[in-house]
Every structure is written in structure tokens, then in C-alpha cells.
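Notes to accompany the following structure.
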Amino acid sequence: MTWISIFTGKSGFAASSTAEDVTKGIDGTGLTAIVTGATSGIGLETTRVLALRGVHVIMPVRTLESGKKVKESIVEKIPNAKIDVMELDISSLESVRQFASQYCSKGYPLNILILNAGIMTPPFSLSKDNIELQFATNHVGNFLLTNLLLDTMKKKTATESGKEGRIVILSSEIHRMSYKEGIRFDKINDENSYSAFSAYGQSKLANALHAKELTRRFQEEGVNITANCLHPGIIATGLARHGGFNAFFYGVFNRFLKNIPQGAATTCYVALNPQVKGVSGEYFADSNLGKASKHAQDPELAKKLWDFSLNLTKSK
């Protein structure tokens, strides 16, 4: 037995709502979306439901073979699904640049960018670019990917089509449990003081700050694009594969776990539901507006993180 709330919020949806529930009756035909982390868990369900609603979905995957198998499994049940698979390792800046270049060369528009891929509480390690792996995967790769695709979203899609672009960034309630200072700019790669859980919280705080700073920039430019972040809920997925604390955490909160269709609901709500039109810089949970931490709402911290990330992603 689980204790998922069935009480609806202002949106008319609840924690128990599924991705199909929050997109019921919505026609996504003519829209193009990128969903990272789409081969399993809530990323896979997000891809399936967007395709079900008529959205052309691009799946960036680490291995093309696994991506093609996922595509086939969806198309088998949704014959009209329009899905393409492209290669991407979000933790590698070189791979992100290659993906963005290939995407733009294909001439695809981009209405919806869903930054779902992530890792949770692995032992300390560095990415190929010598950045702490959780920060590299959960934030830096997403930051670069967004920046490289912004021109496509701004000019080719939002301006030419007149349709609002949406950037959806998966954060977590654990963004409240980052290091005390929020983002440890001078200790990102400090192995001695590394806490896997706090570092995960730090990367999820970075996701929320990313949405906040994107919003400020879009509003300053008058661009028809929104950026929001969200907490999908507590879901037992492959994200928690690094044992130890995760096994304890998911054991304690087992009765509060969402299933995967429920876990993908808030992502699909923010990506497609007309209730979210024009809403930007917000934090969502259970397909309703939520409230992020004070750190996540700090405009100066958001700007500092932007500049820090820009420096990390400069071509060496």
C-alpha cells in the first residue's frame, strides 16, 4: 500500500495523477521535443506520452542500440509515434557539442527541451572534462546543451512559428539539502569534503537556479520561451542504483513512492499543458506550482552560477 495523495491542487491534478492524465485531450502535433535520459524510468514514460499526444520526440542516448530498442517498443504500441534516436553522453562536453551540431544540421525545430537525464549519489569521480561527475552530468552538460540549442529555439521555432518554447528541467526536493553555502564554487572538485548526497543536492539546486536565470534572460530579451524546474516525486528508478544511502532512503520512503506514470506526470504537465502557458522561472511538484528553497530563488546566486558554468563550458 502506498500513501500517494489523491487530493487535487489548483491545477486539478494531484500526486496520484499520471502523465496521461495531465495531457488528456492535448494535441501535440507539429511540436518537436528533446527528452534526455529517455531510455528508462520517467524519461521513457515522458517520451511515450509525448509521442502518444503527437509530439515528434528526439531521444538523445548514450548507446544507439539501446535507444533503438526503446523506440521500437514504443512504436509497437503507438504505430503513429514519431521518434528519432541520436547519440549523446550528457556528462561529456565534447559529446554535447557533437549532438547539438548534428541536431542543428538536421534542420529540426525545437519547441520543448526536457532535461531529464541525471545520476544520483555515486562515489566521488570526475567526468571526462575533470568536473565532479554529478555536477557535470546533472547541471553542466544540461547548461551547455541548452545554450547550444537556444538559437534554434529562439529563431527557428519561437519566432518563426509563433509558438511558445518550453524548457523543462528536472530538479528535486533534495535541492534543499545541498551544502550549507548552496553551490561550492571553489570546492566543486574537492574529494576530501565530498558528500555524495550533498553533491546531488547541489546539482539539483543548480537545476533550479538555471531555470531562474534563463527566465531572467528570456524576459530581458522579450523571447517567447519559458524555463521551469520541477520535483518529479520519489520514484524507485535506475537513478538510485548506487546502493548504500539510496537503498536506505527508498526503504524509509517506500510508502510514499510514485509509480513511473505518476513520476512522469509533472514533467508532461509543464511541457504540454496549456495551464502553464507564459509561466516561467517557477518550481513545480505534483503537477502544481510549488515553492523552491531560498537559495533556489536567489537571483545573485543564479547569475554567479551562470557565469561559473559559462567558464566551465568554454572550449579549451
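Quick look at the values:
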quantity: Sole residue being surrounded by fewer than 19 Cβ atoms within 10 Å (Cβ to Cβ), in contact with a strand residue (DSSP E or B) (Cβ under 7 Å, 6 or more places away or on another chain) and of a type outside the set (G, A, S), chosen from L113, L126, L205; calculated: L126
quantity: Residue match in the stretch 73-95 (condition: closer than 23 Å to L272 by Cβ, aliphatic (A, V, I, L, M), open to solvent by 40 Å² or more (accessible area, probe 1.4 Å) and free of Cβ contacts under 8 Å to residues at least 12 places away in the same chain); calculated: yes
quantity: Residues (outside any helix (DSSP H, G or I) and open to solvent by 10 Å² or more (accessible area, probe 1.4 Å)) located in the stretch 132-168; calculated: G162, K163, E164, R166
quantity: Single unsatisfied condition, S171 versus (1) surrounded by fewer than 24 Cβ atoms within 10 Å (Cβ to Cβ); (2) modelled with pLDDT of 95 or more; calculated: (1)
quantity: Criterion violated by S105 - all others in (1) buried (at least 21 other Cβ atoms within 10 Å of the Cβ); (2) without any contact (Cβ under 8 Å) to a residue 12 or more places away in the chain satisfied; calculated: (1)
quantity: Those residues of the stretch 113-141 which are polar (S, T, N, Q) and within 19 Å of Y179 (Cα to Cα), in sequence order; calculated: T121, S125, Q134, T137, N138
quantity: Failed criterion for E87 (all others in (1) within 26 Å of R216 (Cβ to Cβ); (2) under 18 Å from the mean Cα position of the chain (by Cα) hold); calculated: (1)
quantity: Matching residues in the stretch 281-303 - criterion: being farther than 27 Å from L44 by Cβ and of a type in the set (S, T, N, Q); calculated: S293, Q297
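The values are calculated or read from the model by the stated rules, or taken from the named source; none is laboratory data. Bear in mind that the values here come from a model prediction, so they are computed numbers and not experimental data. With ideal geometry, Cβ positions are generated from the backbone for all residues, glycine too; neighbour counts draw on all protein chains shown. Ligands, DNA and RNA are stripped out before the accessible areas are found, and what is left, the full protein with its side chains, is counted by its heavy atoms. Shrake-Rupley method; radii C 1.70, N 1.55, O 1.52, S 1.80 Å.
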